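Nothing in this text is a laboratory measurement; each read-out follows from the coordinates by a stated rule. Owing to the predicted nature of the structure, the values given are computational and were not obtained by experimental measurement. Cβ placement follows ideal geometry from the backbone for every residue including glycine, while neighbour counts extend to all protein chains displayed.
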């Protein structure tokens, strides 16, 4: 339920802390192994044999559905208390309904909270003895979870996930965290921003499937980070293939090297350097995969990828942070690459010569508009846009929760070239105060013109779909609403599911598109 509601690791811990605080303690000692048993239960990924949920197959989907519904109510402002408080009381009601005494409720919730405590979460104790069996079970459960989502396309990638000991690459967290289906931040900068992480396992699997690696191929990875991805690649290419990985930070390079050797993948070449330069000493490559958000397709990647090879890279297609994983196939003429599908993602931006800072305009306290300087935003005019009374309209466009609509924001960014595109970032306090409530599904997708702004909102249409609406501020809000309504109507009429993106290597070519220093990117629908 907590995962279904979209709570992160520490937010889930806070809910269990609230539940424990609502029930009185006693002098009765807790049962030995309670924390471990509760941890296995609340981190279970599915109800397959061996899972603690196996005897209750309906629980997982029912609680996940409840969490998602509560989250939607919270996002629409229909909860009278905070989401975590409501979730805590749902758990209390559950305990009461099945007859668990109050003191035992406290012990169970406290045990659950201990799973999420920071000191437990950041434990660096090695996994040994019986914990090795836990790691094997957790690894199998993670692979089962990814398989259940339909992400695996090939037996080779699935087997790699069932083979690589992920916990050996994440010694700062316990095995349950290492095998949880979520990212793990492994390094932050002085301001606390994440600069390196182990990506979501499901996203990693999806990218490996897009890469279409074959046994015996030569593969370059940009962004070694923990070394997990390089190990997975080594499993797929086998003894006859070769994997090289490049990491810009010396400490992360050393960490990845140690972990790869410890886990039995010492044949992987680990190089400290700028990923935008590739690794010419090991070139050419049949496949290149990038695990950080790239602003451009630098010359080295063109030069080191064989004609007919594939480059899978998260490209920041707009300065607002709009990013897509693109599986580019290099054409035989070597002058272009084409991606015929795209995957929504979020990645730590590349650092080094491909670094590109974010551009944001502060609209109010806890409200930022991420923009692209190439659109020429009038930051001074936009800074006052929320001082104007909002205008709104509902479009009649209905989008199902399971509809293939993930690229609506990219559609708006690439089909409304005479308007600026942005992504509205609204913190929880500002959202709760009613400053703005953009649709989370498309990360605050917005259009702006001079000092006016319009953004996409949603309201429930029924249990399985939402209606799209528009909220606008500024002196030209009426016209901007009509422009955004027209764009949404056209999207609804065509319902494009995937873009086709072509990268051109010649920086002085006449092709219209997204301009970068070393390439032009053309998005077609």
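Data overview
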{"item": "Footprinting exposure proxy for 388, 455 (fewest neighbouring C-beta atoms within 10 Å first)", "result": "388, 455"}
{"item": "Structure-based [θ]222 nm, the chain - -39500 (n - 2.57) summed over DSSP H runs of at least 4, per residue, nearest 500", "result": "-10500 deg cm²/dmol"}
{"item": "Between region 479-519 and region 247-307, the alpha-carbon center distance in angstrom", "result": "31 Å"}
{"item": "Among (1) -0.49, -0.71, -0.83, -1.20; (2) -0.43, -0.72, -0.90, -1.41; (3) -0.58, -0.81, -0.92, -1.23, the entry derived from the coordinates for log10 I(q)/I(0) by the Debye sum over Cα atoms at q = 0.07, 0.09, 0.10, 0.13 Å⁻¹", "result": "(2)"}
{"item": "Over region 364-459, relative contact order from alpha-carbon pairs under 8 Å, at least 6 apart, %", "result": "36 percent"}
{"item": "Relative contact order (percent, whole number), the chain, Cα cutoff 8 Å, 6+ residue spacing", "result": "9 percent"}
{"item": "Fully extended contour minus Cα-Cα distance, from residue 391 to residue 467, at 0.36 nm per residue", "result": "25.7 nm"}
{"item": "Estimated FRET transfer efficiency when R0 is 30 angstrom, pair residue 338-residue 147 (beta carbons, to 0.05)", "result": "0.55"}
{"item": "Cα-based shape type of region 153-344, given that a ≥ b ≥ c are square roots of the gyration tensor eigenvalues and the cut on a/c is 1.5", "result": "rounded"}
{"item": "Of all DSSP beta bridges in the chain, antiparallel share, percent nearest 5", "result": "75 percent"}
{"item": "Relative contact order of region 288-393, pairs being alpha-carbon contacts under 8 Å that are 6 or more residues apart, as %", "result": "22 percent"}
{"item": "Sorted by Cβ density within 10 Å, fewest first, the residues 361, 15", "result": "361, 15"}
{"item": "Ascending count of other beta-carbon atoms within 10 Å, so fewest first, for 207, 500", "result": "500, 207"}
{"item": "Estimated FRET transfer efficiency when R0 is 30 angstrom, pair residue 172-residue 329 (beta carbons, to 0.05)", "result": "0.20"}
